[in-house]
Number of protein chains: 2
Amino acid sequence: MINIADVARHAGVSTATVSRALSGGHHVSPATRLRVEASAAHLGYVVSSNASSLASGRMKNIGVVVPFLNHWFFASVVEGAQQALQRHGYDLTLYNLTGGLEARRSVFEHFLLRQRVDAVIAVSLELTENEVARLHALNKPLVGVGGPLAGVRTLTVDDLAVARLATEHLIALGHTRIAHIGGDKAFDLDFNLPTNRRFGYEAALVAAGIEARRDDFRPADFTTAGGYQAAKQLLGRPHERPTAIFAASDEMAIGSILAARDLGLVVPGDVSVIGVDDHELATFFGLSTVAQFPQRQGEKAVEVLMEELRPHPESRTGLNINMPFELIVRGSTARPAV
Amino acid sequence: MINIADVARHAGVSTATVSRALSGGHHVSPATRLRVEASAAHLGYVVSSNASSLASGRMKNIGVVVPFLNHWFFASVVEGAQQALQRHGYDLTLYNLTGGLEARRSVFEHFLLRQRVDAVIAVSLELTENEVARLHALNKPLVGVGGPLAGVRTLTVDDLAVARLATEHLIALGHTRIAHIGGDKAFDLDFNLPTNRRFGYEAALVAAGIEARRDDFRPADFTTAGGYQAAKQLLGRPHERPTAIFAASDEMAIGSILAARDLGLVVPGDVSVIGVDDHELATFFGLSTVAQFPQRQGEKAVEVLMEELRPHPESRTGLNINMPFELIVRGSTARPAV
DNA sequence: TCAGACACTGCAAGCGATTGCAGAATGATT
DNA sequence: AATCATTCTGCAATCGCTTGCAGTGTCTGA
């Protein structure tokens, strides 16, 4: 493998000059730079990132920690982050916490510590104090995506507003009996997203002078199957049937649509359904939803980090950065039958 | 940040001994090793992977290249690989090719070359000759998962056998009019998986003495929506209607089930449906399928690499490694109506 | 008792870059 | 023409660890 000395020799300069010419090109005459670049290209030289990192302290590598990957939202965030990083010449090292407690510990106590990353992006993770402490001890920038982390710069959608937007959409259509499928308690330990969405839903109802009935809420596990079950219960009560359902995720919303069909109900004729996410299947099911843009969230996380990694970080925005969301009306919501 | 010299001082030995004690512990007396380990733990020492890599030439890092991440199969493979790597103390650096041609080029011409990975896993990727050449020029182990790469060690399920198994299941139930939804031409440029599955399907029919009717095949794009469209066409011909559909992916199979329902047909009463994958939604839809185990494929890829990275690779298996698959019968297939 | 084998341990030379410092060359200013 | 500022470039130290080689000490067998 050819190294910087080879290039230096070939171009008739010192390794110092090669290094400078190839990185930014400051303090090097244009002529020399061109010559060096030509030599490098000719020899097919690529810097050894290890040597470079060791000498400079910059890793050109970002660690991304996700609770699981096998899920549309997380994969999208990672994908967005990956693309943005690539544009900046950074690598992305992926840490997945699916492997259980042992795996989780090793990530925080071992992998993240070996000086391999310049910064860390934590996606929808509730970290223990110990874990946050360890990350801070690294003295490296850390940004979270979704799921507010105590004391950590976090990108997040305003879940309350999202829920309110969805619910208001249903109210505006004329619905007065609106059910909600949200997270169950177990989920709430990890994010408080479900609770926030529920509050937003209730707030919208109250604002419209509608009573939030306790039995119009059903917890579920954010899966299609969970949403299906919950919707079956909600819609299975002939005279008590709500005319609309706001599900806290598209997957649960899709489950609700399928449940409605199985009960012989027509969507949106008999019941309107709205979700949150703009999942890839939302279009197929004609699902109205409040889109959040996970790819863009990943990209934005990278931008924030790049800013912090710059020698003199300027525009340090506040701790919490609000991400955009948007109501997308498709065919699954309509005015209630008269 | 504390380094090896600090540990050496604290333990009263040389850095050489610390290094040896902490990596394997060969050639170090048990007593010394214990002392060193205690010092390291006490000081909270973690090796600098850059320095280590630079000195040893081992990166403890594997590059994984995927065409996109936002898809159940790929995410699962990556997840499996990640967990396996973590057990071996390796990092996983993710390269995503979604970003278009420019991004793709930069991955192969820049990122993968900077001496950061010990080996590369290419998931379901059709690589150009140039790209394969570049990877081989790295002189690093390379293994593919799915999608045979010319001259590259590849893990793959026997797509022909998978398709035959699915089709035979339908035949065994008594179906004689079996349609197939497979990949379209565009897809076939990237994998030849679709074609192989189609061949397997036809082979099974022929073996059972059933004619493979040209118009019982419909190409689709491996999405739920695509499967839906294709199935609508197949099932929309009243007197020509097949009694069973074999879809080359679960997503298309699910689309088929939804299409059948929309046409007022009952699954499996009027039409049986079987897919391939064992997608996470397969259970929910009661979909019979031929499971392939993407996580296991990711794990296996890692095992193969670890073997190749060992000083003296032994059991070098053949170029192609067959991965297991398994028929899973759920409710979507049954004998045809009489 | 002594030589040879063996098990530990330390010395020091890398690994391949980056970068502060200083010298050389060039250009500008008076 | 002399001086000073500026721009380029090279020297050499440094980043933190690994590992071949050699030295020391201990153990075994004759």
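Looking only at residues in the range B:110-122 that are closer than 25 Å to B:H71 by Cβ and in contact (Cβ under 8 Å) with a residue 60 or more places away in the chain, the one that is surrounded by the most Cβ atoms within 10 Å (Cβ to Cβ) is B:I121.
Report yes if B:N3 is away from DNA strand D (no atom under 12 Å from the Cβ) and either farther than 20 Å from A:S106 by Cβ or in the same structural domain as B:Q115 (by TED's automatic domain parsing) (or both), otherwise no. For B:N3, the condition - away from DNA strand D (no atom under 12 Å from the Cβ) and either farther than 20 Å from A:S106 by Cβ or in the same structural domain as B:Q115 (by TED's automatic domain parsing) (or both) - is not met.
For B:L34, state whether it is of a type outside the set (S, T, N, Q), away from DNA strand C (no atom under 16 Å from the Cβ) and either at positive phi or more than 11 Å from every other protein chain (Cβ to nearest Cβ) (or both). So B:L34 fails the test.
Table: residues versus (1) away from chain B (no Cβ under 14 Å); (2) of a type outside the set (D, E).
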{"residue": "A:R213", "(1), (2)": "yes, yes"}
{"residue": "A:P219", "(1), (2)": "yes, yes"}
{"residue": "A:L234", "(1), (2)": "yes, yes"}
{"residue": "A:R241", "(1), (2)": "yes, yes"}
{"residue": "A:I254", "(1), (2)": "no, yes"}
{"residue": "A:D262", "(1), (2)": "no, no"}
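Condition first: in a helix (DSSP H, G or I) and within 11 Å of DNA strand C (Cβ to nearest atom). Can you find one or more residues in the range B:55-72 that meet it? Scanning the range B:55-72, I find at least one residue that is in a helix (DSSP H, G or I) and within 11 Å of DNA strand C (Cβ to nearest atom), so the answer is yes. Residues considered: A:A166, A:A204. Of these, the only one that is at pLDDT 90 or above, buried (at least 19 other Cβ atoms within 10 Å of the Cβ) and over 25 Å from the mean Cα position of the chain (by Cα) is A:A204. Does B:A84 count as at pLDDT 95 or above, away from DNA strand D (no atom under 11 Å from the Cβ) and at the interface with chain A (Cβ under 10 Å from one of its Cβ atoms)? For B:A84, the condition - at pLDDT 95 or above, away from DNA strand D (no atom under 11 Å from the Cβ) and at the interface with chain A (Cβ under 10 Å from one of its Cβ atoms) - is met.
Can you say whether B:A212 is at pLDDT below 95 and touching an Asp or Glu at 6+ places or on another chain (Cβ under 7 Å), as far as the supplied structure shows? Here the answer is yes, as B:A212 does meet what is asked. Taking the conditions (1) among the charged types (D, E, K, R); (2) surrounded by 15 or more Cβ atoms within 10 Å (Cβ to Cβ); (3) more than 13 Å from chain B (Cβ to nearest Cβ) in turn, A:E299 satisfies each one other than (3).
Restricting the range B:4-19 to residues that are exposed (fewer than 14 other Cβ atoms within 10 Å of the Cβ) and in a loop (DSSP other than H, G, I, E, B), which is farthest from DNA strand C (Cβ to nearest atom)? Residue satisfying both the conditions and the ranking: B:G12. For first residues located in the range A:1-18 and closer than 16 Å to A:S49 by Cα and more than 14 Å from chain B (Cβ to nearest Cβ), partners that are within 6 Å of DNA strand C (Cβ to nearest atom) and among the β-branched types (V, I, T) and lie 6+ apart or on another chain with Cβ distances below 6 Å form the pairs A:A5/A:T15; A:T15/A:I4; A:V18/A:I4. Residues in the range A:95-109 that are at the interface with chain B (Cβ under 7 Å from one of its Cβ atoms) and either of a type in the set (G, A, S) or surrounded by fewer than 24 Cβ atoms within 10 Å (Cβ to Cβ) (or both): A:T98, A:G99, A:A103, A:S106.
The values are calculated or read from the model by the stated rules, or taken from the named source; none is laboratory data. All values reported here derive from a predicted model rather than from experimental measurement. Because the Cβ atoms are built from the backbone with ideal geometry, glycine has one as well, and the counts that use them run over all protein chains shown.
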